[in-house]
Amino acid sequence: MLQDWALFEQLESLDVLHAEHPQLPAIIKRNCEIKAEVVNADEKEQAASGGRALLNLGHTFGHAIENVAGYGEYMHGEAIGLGLVMATELSQRLGDLTTKDVDRVRTMVARYSLPIRCVEPISASALMNAMRRDKKVHRGTLRFVAMKKIGEAYTVPEVDPGLIMEILLQYGALE
């Protein structure tokens, strides 16, 4: 989702991946290549925008969910899967993605039995507070990774907290 449109389309076209799936080794290899490219380009995460921070797509939301729900309520992949859906929604609300793109990501995440809404009600204000403590906060400002299109991620230096609150509430958090 952050750097390879063709890989996303390939995943959409396949049966659900499992440990014995013949395409799994090539998909893992491609993901490792993407991560290595991103890390090599910004080894110490010093880029003013983009760079290594792109690997955090979905993580600002996901880490807050893990933290507030209590570690163990969501496995890391479940929280990040839901975070990816929320980041896709953010991208659409910022005017970059279409509703169809959001639906495609939701479908992909659900296909792997990952949550696409909060499983249990979580306090939206507690989620916001957890995000404000995240390592990606820069000078008190929440930073997110969004997508111009599926396969092209970018960092958003500042997002209106009201918009983030709307997204949290839309995906099952409570006021």
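The values are calculated or read from the model by the stated rules, or taken from the named source; none is laboratory data. Note that the structure is predicted; figures quoted are calculated from it, not measured. Because the Cβ atoms are built from the backbone with ideal geometry, glycine has one as well, and the counts that use them run over all protein chains shown.
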Open item on the list: Can you pull out every residue in region 63-107 that is closer than 18 Å to E12 by Cβ and assigned to a loop (DSSP other than H, G, I, E, B)?
Closed with: L97, T98
Task: Scope region 51-80; condition of a type in the set (F, W, Y) and over 15 Å from N129 (Cα atoms); matching residues - done: Y71, Y74
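Could you list, in sequence order, the residues of region 78-97 that are exposed (fewer than 12 other Cβ atoms within 10 Å of the Cβ) and more than 15 Å from I167 (Cα to Cα)?
none
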Open item on the list: Let me spell it out: the conditions are (1) within 22 Å of V156 (Cα to Cα); (2) touching a residue at least 40 places away in the same chain (Cβ under 8 Å), and A69 meets all of them except one. Which number is the exception?
Closed with: (1)
Task: Selection within region 12-31 - without any contact (Cβ under 8 Å) to a residue 24 or more places away in the chain, of a type in the set (S, T, N, Q) and part of a helix (DSSP H, G or I) - done: S13
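Starting from residues that are of a type in the set (V, I, T) and surrounded by fewer than 13 Cβ atoms within 10 Å (Cβ to Cβ), keep the ones in region 3-43 and report whichever is farthest from K100 (Cα to Cα).
Filtering region 3-43 down to residues of a type in the set (V, I, T) leaves 16, 27-28, 34, 38-39.
Those still in the list that are surrounded by fewer than 13 Cβ atoms within 10 Å (Cβ to Cβ) too: 16, 28.
Numbers: V16: 21, I28: 26 Å.
By that ranking, first place goes to I28.
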Open item on the list: Against the conditions (1) under 16 Å from Y154 (Cα atoms); (2) within 15 Å of the chain's Cα centre (by Cα); (3) modelled with pLDDT under 95, where does G58 fall short? Just the number, please.
Closed with: (3)
Task: Close pairs (7 angstrom Cβ cut-off, 6 or more residues apart or separate chains): under 13 Å from L82 (Cα atoms) and aliphatic (A, V, I, L, M) in region 95-111, at pLDDT below 95 and part of a helix (DSSP H, G or I) anywhere - done: M108/L11; M108/E12
